[in-house]
RNA sequence: GUCCCCAUCGUCUAGCCCGGUCCAGGACACCGGCCUUUCACGCCGGCAACACCGGUUCAAAUCCGGUUGGGGACGCCA
């Protein structure tokens, strides 16, 4: 066995991500997928996508699509698949027969509610609620409605040499005769995973911590089948603020919700990978860097709390890093959502550049772009009252005249013009800047004045300044 | 109840395997300051942790044992 494991290590790495299509792709699943993907990419191996749809009642087409969409958005491409377990029933039947023939599995006709009663009774008596082995030696043959159970060794110890957690020991006596095939002929999770991982030549099973207790059962099945084990690595779970398993009550858990909230996939990935994995003190990683640096050795053992604030910071960072022209198609949908009409990409790109250091999400970006998008800005009442005062008509007139006469309309010359006007008037630039800002944006907070003017263009700027003057005289 | 896992600032973490260089480093958040036409960004500074008890050792965040706390699993779900 040791020798076989040694040989296996030399094989090309093959990992897989096996979601069950019973809902959207959530944050925890995404991180598991990411770790598997990174591990495969880092080792120049293969990453397989497998849909575990043996729970026919709960699996849906919509979920499959939602999961695939999310994987695609994250950029986690797969090399094989998606495979569907419901299309691989032949494999499970074949392996099940091997177990049956070897006497390592048996038919059982215990009724579900009967089983439940016995479980409750065991629990009440302070015992472990495991299958009591009633049908174990009945020698039952196939009959419709009967399940097949695994004959679990009653003695001995099973060792899981976890890549992340180290060796973990389980007493076989703690385990029970789990169901391998349901009464409807479908394989159960624990059996299907093993058969799939064997037949797909999976070398590394990287999955959530919550599967640790399933692993000894699976190892026992591998052993009963006489095949070598893959390597197992159990990554710690992601917890909510209250340190319990993350769920909807902790806020958004669906990957696609983060897309809708204006997060960049590279930011979500960056955040998720750092939640449980580290590379010294580094916080920001590009995808290529992650592929190069990722390793299971630096995955921590303890569960981590999902922190929105930090995600926001990581997202802000990636927004700043991205070339504005690449951001254009990404913010456009958000702009449209707000009801703004389309603008040329070149214009959008310049506008975006001024806001990159000031926003944390694409949603914030779109909202902050309002004054770049509308024809006439709406004045914030408080801002207008404070800054658009009648005594500013004269300065505004001067600014308008200077801008009209400007030969080269750019940031540098604009700054010179404003400083000149301020000097002549004997006031500080700030005295002029805020009113102009309100005139141009309607609010008191915005990117630098000269960048705004540069983006907006002479026509629009003059129009807005004149409109502000009209407002002042009316006040 | 039983089994399994985990335990460094509020949060994510470095350090732990190979004890001394750690009166514990980085990041988020928070609080000051600088920069400045506003707001951000950026920069500088501050607050803040080795869960507890015992053992081993000249020396323990690091090794060992226990306690406590937290999480997970006990399905004809995955």
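Taken together, the values in this text are just the output of simple stated rules run on the coordinates, not laboratory data. Because the structure is predicted, anything quoted here is derived from the model rather than measured. We place every Cβ from the backbone using ideal geometry, glycine too, and count neighbours over all the protein chains shown.
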* Asked: Can you put A:336, A:74 in order, fewest other beta carbons within 10 Å first?
  -> A:336, A:74
* To two decimal places, what compactness ratio does chain A give when its Cα radius of gyration is scaled by 2.2 N^0.38 Å? -> 1.38
* Structure fact -> Distance in nm between residue A:407 and residue A:353 label points, each 7 Å along Cα→Cβ, equals 2.3
* Spread of Cα-to-Cα distances over 5 Å intervals beginning at zero, given as percent, for segment A:319-475 -> 1, 9, 19, 21, 19, 14, 10, 5, 1, 0
* **Hydrodynamic radius by Kirkwood, which averages 1/r over all alpha carbon pairs of segment A:35-154, in angstrom** => 18.1
* Asked: Which percentage, to the nearest 5, of the DSSP beta bridges contained in segment A:115-236 is antiparallel?
  -> 60
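Can you give the calculated 222 nm mean residue ellipticity of chain A, where each DSSP H run of n ≥ 4 adds -39,500 (n - 2.57) and the sum is split over every residue, rounded to the nearest 500 deg cm²/dmol?
For chain A, the value works out to -15000 deg cm²/dmol.
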* Say each of residue A:279 and residue A:134 gets a label point 7 Å from the Cα, pointing the same way as Cα to Cβ; how far apart are those two points in nm? -> 5.6
* To do: Take the Cα pairs of segment A:259-396, get the Kirkwood Rh, then feed it into Stokes-Einstein at 10 °C and 1.306 mPa s and tell me D in µm²/s.
  => 91
* For segment A:140-238, diffusion coefficient by Stokes-Einstein and Kirkwood Rh (Cα), 10 °C, 1.306 mPa s, µm²/s -> 111
* Debye log10 I(q)/I(0) at q = 0.30 Å⁻¹ for segment A:180-232, Cα point scatterers -> -1.34
* Asked: Tilt of helix A:324-337 relative to the longest C-alpha principal axis of chain A, in degrees (0 to 90, nearest 10)?
  -> 90
* Please grab the % of Cα pairs in segment A:203-323 that end up more than 23 Å from each other. => 42
* Ranked packing of A:255-262, A:453-460, most packed first, by mean Cβ within 10 Å -> A:255-262, A:453-460
* Structure fact -> Scoring chain A by relative contact order with C-alpha pairs under 8 Å, at least six apart, yields a percentage of 12
* To do: Just grab the label-to-label distance for residue A:471 and residue A:69, each label 7 Å out from Cα along the Cβ direction, in nm (one decimal).
  => 4.0
* Report, for chain A, the % of DSSP beta bridges that are antiparallel, rounded to 5. => 50
* Would you please state the base-10 log of I(q)/I(0) at q = 0.17, 0.20, 0.25, 0.28 1/Å for segment A:318-389, with intensities from the Debye formula using one equal scatterer on every alpha carbon? => -0.63, -0.80, -1.09, -1.29
* Asked: Against the longest principal axis of chain A, how steep is helix A:458-474, in degrees 0 to 90 to the nearest 10, with axes from Cα atoms?
  -> 70
* Percentage, to the nearest whole number, of Cα pairs in segment A:427-475 over 12 Å apart -> 63
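Which whole number of Å³ per residue matches the convex hull of the alpha-carbon atoms in segment A:93-182?
That works out to 135 Å³ per residue.
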* Largest first and in whole Å, give the semi-axes of segment A:81-127's equivalent ellipsoid, each being the square root of 5 times a Cα gyration tensor eigenvalue. => 32, 17, 10
